[in-house]
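**Q** One structure, as structure tokens, below. Some questions next.
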């Protein structure tokens, strides 16, 4: 067993580089998808409810009346399900600047992924990639506070205590909570890059 421990300990640097590659894959894939309408539509509830980001959208804060005559946030009336294309919804999102914002956000995410990956060869760059990755994850995790859609809604039912609200994460919420891992990965990458830079400085 001790030999196994030694083996894994000797692979630590390799595993951290694998972590950099993994973060890059996630960032490049998710960031790249921001160029497509379905992904841009999907982030609207997060952005429009965020005090840090809602100003990017034109229709933030607007209220409309749903089919039941109840006031609701306007964006809820123009949501395309994944794989669905409804022209009136697309028109609303164009007016809202949904797609322009998504293109910009996607570019930033891909860039952060590239910085993280570059850290394999250039630790100073990788340090900032790790810091930015962790910072982006903190913003994403703030959606657990600001976005109603991250928790199961109260749609009624036969149980005396319906399972809705905190801590019952919806599909969106389960997606967001995973950024805890991305945040720590960014910090580990930043710390490893900083350590590499300091060691190089001592050797000179």
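Rule-based calculations on the coordinates, nothing more; no lab input. The shown structure was predicted, so the numbers you read here are calculated from the model rather than taken from an experiment. Backbone-built Cβ (ideal geometry, glycine too); neighbour counts: all protein chains shown.
**Q** With 10 Å bins from zero, work out the P(r) of the stretch 50-121 over every alpha carbon pair and list the percent per bin.
**A** Whole-percent P(r) values from 0 Å outward: 16, 37, 27, 13, 5, 1.
**Q** So, one more: Contour minus end-to-end for residue 79 and residue 35, with contour as 0.36 nm per residue of separation and end-to-end as the Cα-Cα distance?
**A** Taking 0.36 nm per residue and subtracting the Cα distance, the gain is 14.1 nm.
**Q** State, as an integer percentage, the relative contact order of the stretch 28-74 based on alpha-carbon contacts under 8 Å between residues 6 or more apart.
**A** 19
**Q** Shifting gears a bit: Residues of the stretch 162-188 with backbone nitrogen within less than 20 Å of a virtual label 7 Å along the Cα-to-Cβ line of residue 138, please, listed as ranges.
**A** Under cut-off, by backbone N: 176-188.
**Q** By how many nm would the segment from residue 181 to residue 4 grow when fully extended, if each residue of separation counts as 0.36 nm and the alpha-carbon distance is taken off?
**A** 61.2 nm
**Q** If one computes the Cα centroid of the stretch 129-164 and of the stretch 58-74, what distance in Å separates the two points?
**A** 21
**Q** Please give the contour-minus-distance gain from residue 120 to residue 155: 0.36 nm per residue of separation, less the Cα-Cα distance, rounded to one decimal in nm.
**A** Result for the pair: 7.7 nm of gain on full extension.
**Q** Also, I was wondering about something else. Looking only at the stretch 113-127, which residues have a backbone nitrogen under 17 Å from a spot 7 Å from the Cα of residue 198 in the C-beta direction?
**A** Backbone N within reach: 123-127.
**Q** How high is the relative contact order of the stretch 58-204? Use alpha-carbon pairs under 8 Å, at least six apart in sequence, and give a whole percent.
**A** Reported relative contact order: 20 percent.
**Q** Could I ask something else about it? Once P(r) over Cα pairs in 10 Å bins from 0, in percent is worked out from the coordinates, which option in (i) 8, 27, 29, 19, 11, 5, 1, 0; (ii) 10, 35, 32, 16, 6, 1, 0; (iii) 10, 39, 38, 12, 0 does it equal?
**A** Derived directly from the coordinates: (i).
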